[in-house]
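The values are calculated or read from the model by the stated rules, or taken from the named source; none is laboratory data. It should be emphasised that the depicted structure is a prediction, and the values quoted were computed from it without experimental measurement. Note that each Cβ is placed from the backbone with ideal geometry, even for glycine, and that neighbours are counted across all protein chains shown. Heavy atoms of the whole protein, side chains included, go into the accessibility calculation; ligands, DNA and RNA do not. Shrake-Rupley method; radii C 1.70, N 1.55, O 1.52, S 1.80 Å.
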Amino acid sequence: MPERSESDSRKLLRRLRDSLALPGKGQDRLDRITHLIADSMGTEVCSIYLFRDEDTLELCATEGLKKEAVHQTRMKVGEGLVGRVARTATPVNAADAPSERGFRYMPETGEELFSSFLGVPIQRVGEKLGVLVVQSKTARQFSDDEVYALEVVAMVLAEMTELGAFVGEGEGPGALHRQPRIFRGGTGQEGVAEGNVWLHEPRVVVTNPVADDPLTEIDRIREAVGQLRISIDDLLSAEALDKDQRQVLEAYRMFARSRGWLRRMEEDIQRGLSAEAAVEKEQSAARARLEQVPDAYLRERLNDLDDLSNRLLRILTGQGQDTGATMPDNPVLIARNIGPAELLEYGRKLRGVVLEEGSVGSHAAIVARALAIPLVIHAERITAEALNGDPILVDGDSGTVHLRPDEVVVRSFRDKMAMQAKAQERYASLRGLPAESRCGTVTRLYMNAGLMADLPSIDSSGAEGVGLFRTELQFLIRNQMPKRDELAKLYARVMDAAKGRPVAFRTLDIGSDKVLPYMKPQDEPNPAMGWRAIRVGLDKRGVLRMQLQALLRAAQGRPLTVMFPFISEHEEFVTARNELLHQRDREAAMGHPVPETLRIGAMLETPSLAFAPKAFFESADFISIGGNDLKQFFFAADRENERVRRRYDTLNTSFLRFLRLIADRCAESNAQLSFCGEDAGRPIEAMVFASLGIGTLSMRPASIGPVKSLLRQVDLREVRAVVTAAMAEGVESVRPAVMGWLATLPE
Ligand code: PEP
Ligand code: MG
């Protein structure tokens, strides 16, 4: 067989392109291609194996093997040489294939005649589509040049799939993009939704994988890389960069200046690829490497390279963020990750959000919660699998996503949605009624909020007010510190929307996971226990004062409720409270109206505060348990860490004893007690809290109905008796006892 030259490979690509341009069905095209490749490469055999499902490959077309084997021969990923290529996403080049480790003889194909084997992956930006193989009788090692040429051909094949070249029989590469897929991630926000995919960063579609004039293409790629370098330098010269952003950009700059990267792309172009296809080929190779790398740091860097390739593709194709696609009805946003401001921009038109990354406490999750749209996080590789417009079902309750679901799944999903809608109707009928238990105790149900967008829920949910208004969102979604007047206007609008119902504004809780883009990030070993919330407020007094003034002005004489987050000792509360009183007096001295009443509370989020001197409980107008933080410190289990965050039951008797102690101490000093962590929105937990004497619960608006419904069905004295009896028995958690008791209640 003659050595291939670069122009040979260009010729082959051109023939391939012309052949693909001819009309024909998927199978005809695949047959033509295998014939053409074998002919051009001078081999007796050329075969295309494609994925039937995630781990099965099927022989879909062949020149040289027995035709009867087509669509019959199948193998698992990792099985035989073809399976090895698929698993490792790297070529296998064997002169004596039958003696190669892992060789598997497929009698139906007649391949025992062939000695040498060269297989390369068919993949598109790391997405494995199949394997392309050539074989010949003579025992010979294929040259680097031939390996390279076949890789380039495989690349074009993969690229053509995106353009639907093999659509028609469901046999071509890309058939995977039409198969149903299930992603099991985590819950970011509960709820279910049916809709259609909308990619936050749409994939660039390369329409011209083969190019005739390498010189023009090389000029194009050099110019695009030049532009890319300039844009990164510009980003790096921006002032407000934190350490992490700078580090990422430095890595980008390093890659963008890497000679190897550009050289490899230029070589691909010499072989006949267009500039765009060359970028994608490199991107695919990097992705394939990514899957083999166990080191987290290296994986991150390869991810950077992936991002960079996307930027380069956008420059080359001019497609930018906007590919001209129109947003489908009922859009479900798919992204690797997304910032809070970007998510807010989409707003309520989204039906759901699915992220590859993200965390429960991420800003995106906070916004998704505020917008009350289901959010699934950690849906691995969904951005590679999903195409704009694909039907999708999002189950935020279980953290599951069904992409391109089949009929059966859609039907059962719709049943679930209908059941939830029915339950909502039932809850809506309770809207005007109090959460009065059979014993006559009325628990007050409030809602948590953080955005103006939350406020309409106050009417629809029947909340008595806002028990926790998280003010940090307004700070997080901006690029600079908001001004006092701006905040005052916003807080006033919140109070207007609450129509006289109380709103407990919590002062800024930043630090920990909530880092302001415009504040110098602190390199803290353990930010959740670091410089956060009131600790920042008391040290950076100017920001706290500004916020307190904004709140006082927003009230315009109306009653005002303020609470301070993360108070660990009495003294902190005294200082914060005095600051607020001082600001009120200052406002009065300036002739501004001051709130008719001022209620000042503390959030109990650290165990130490439960044991504070009595004076603390006497000085606070109310105390609100921030259960999310309190629980993480009580059990020493990071609320953000999936491995431990669900490990300890909220109904664990140690925790309940602790809550009872807090409730007793508040009762002793007549301090009002509420609970505003996520657990307050879980009906069973809420019922147990209420039975312990926690009189106010603040939760997501959607939880008010279910919590109220249960509270109205039970006698809290009985709940307390069940809890006390279970505790006396020495159980770890009272949950089984409580559930058992609930099961005995009449419907
Ligand atoms: C809490 O810790 O329970 C709480 C309500 O505050 P956040 O979730 O904002 O920390
Ligand atoms: Mg908290």
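The distance separating the Cα centre of the stretch 681-703 from that of the stretch 84-122 comes to 63 Å.
Axis of helix 275-292 versus longest Cα principal axis of the chain: the two differ by about 70°, to the nearest ten degrees. Residues in the stretch 423-431 carry Karplus couplings, in order, of 4, 4, 4, 4, 5, 4, 6, 8, 3 Hz; the curve used is 6.51 cos²θ - 1.76 cosθ + 1.60 with θ = phi - 60°, and Gly or Pro positions show x. Per-residue packing, averaged as other Cβ atoms within 10 Å, sorts the ranges 497-503, 271-277, 35-41 into the order 271-277, 35-41, 497-503, beginning with the highest. Remark: spin-label model distance LEU387-GLU108 equals 2.8 nm, labels positioned 7 Å along the Cα→Cβ axis. Taking amide H as placed 1.01 Å from N in the peptide plane, the amide H of ALA620 sits under 5 Å from none that are at least 5 places away or on another chain. Within the stretch 573-629, the ratio Rg/Rh, alpha carbon atoms throughout and Rh by Kirkwood, equals 1.07. A 1.4 Å probe run over the protein chains yields, for the chain, 42 Å² of accessible area per residue, whole-number rounding. For the stretch 56-128, trypsin sites (Lys or Arg not before Pro) are listed when DSSP marks them as loop and at most 16 other Cβ atoms sit within 10 Å of their Cβ; the list is LYS66, ARG101, ARG104. Treating the Cα atoms of the stretch 3-162 as identical point scatterers in vacuum, please give the log10 of the normalised Debye intensity I(q)/I(0) at q = 0.12, 0.15 Å⁻¹, two decimals. Cα-only, vacuum Debye calculation for the stretch 3-162: -0.45, -0.72.
Using the rule -39500 (n - 2.57) for each DSSP H run of four or more residues, divided by the residues of the chain, the 222 nm mean residue ellipticity is -14500 deg cm²/dmol.
The GluC sites (Glu not before Pro) found in the stretch 179-273 that occupy coil by DSSP, while having at most 14 further C-beta atoms within 10 Å, are GLU239. Seen against the Cα atoms of the chain and their longest principal axis, helix 484-498 is set at about 80 degrees. Ranked by the mean number of other Cβ atoms within 10 Å of their residues, highest first, the peptides 651-660, 15-24, 550-559 fall in the order 550-559, 651-660, 15-24. For the chain, what D do you get in µm² per second when you plug the Kirkwood radius from alpha-carbon pairs into Stokes-Einstein at 37 °C and 0.692 mPa s? Using the Kirkwood radius from Cα pairs, D works out to 111 µm²/s. Ignoring ligands, DNA and RNA, what percent of the accessible area of the stretch 3-162 is carbon or sulfur (1.4 Å)? Carbon and sulfur together cover 49 percent of it. Counting 0.36 nm for each residue step from GLU267 to THR207 and taking away their Cα separation leaves a gain of 19.6 nm.
Could you tell me which of rounded, prolate or oblate describes the stretch 557-599, using a ≥ b ≥ c as the square roots of the eigenvalues of the alpha-carbon gyration tensor, with rounded for a/c under 1.5 and, failing that, prolate when a/b is larger than b/c and oblate otherwise? Oblate is the answer for the stretch 557-599, as a/c is 1.5 or above yet b/c matches or exceeds a/b.
Phi-derived couplings, Karplus 6.51 cos²θ - 1.76 cosθ + 1.60 at θ = phi - 60°, listed residue by residue for the stretch 652-662: 4, 5, 4, 5, 5, 4, 5, 5, 5, 4, 5 Hz, with x used for Gly and Pro.
Rounded if a/c is under 1.5, else prolate if a/b is larger than b/c, else oblate: which is the stretch 655-747, with a ≥ b ≥ c the root eigenvalues of its Cα gyration tensor? Oblate.
In plain terms, the chain from ASP539 to ARG246 could stretch by 102.8 nm, reckoned as 0.36 nm per residue minus the Cα-Cα distance. Helix 296-317 sits at what angle to the longest principal axis of the chain, using alpha carbons and giving 0 to 90 degrees rounded to 10? Long axis of 296-317 versus the principal axis of the chain: about 70 degrees. Length gained on full extension, ALA721 to ALA528: 65.9 nm, using 0.36 nm per residue less the C-alpha separation.
What a 1.4 Å probe finds exposed on the stretch 196-290 is 50% carbon and sulfur by accessible area, rounded to a whole percent.
Of the GluC sites (Glu not before Pro) found in the stretch 537-600, those that fall in a DSSP loop while having at most 13 other beta-carbon atoms within 10 Å are GLU596.
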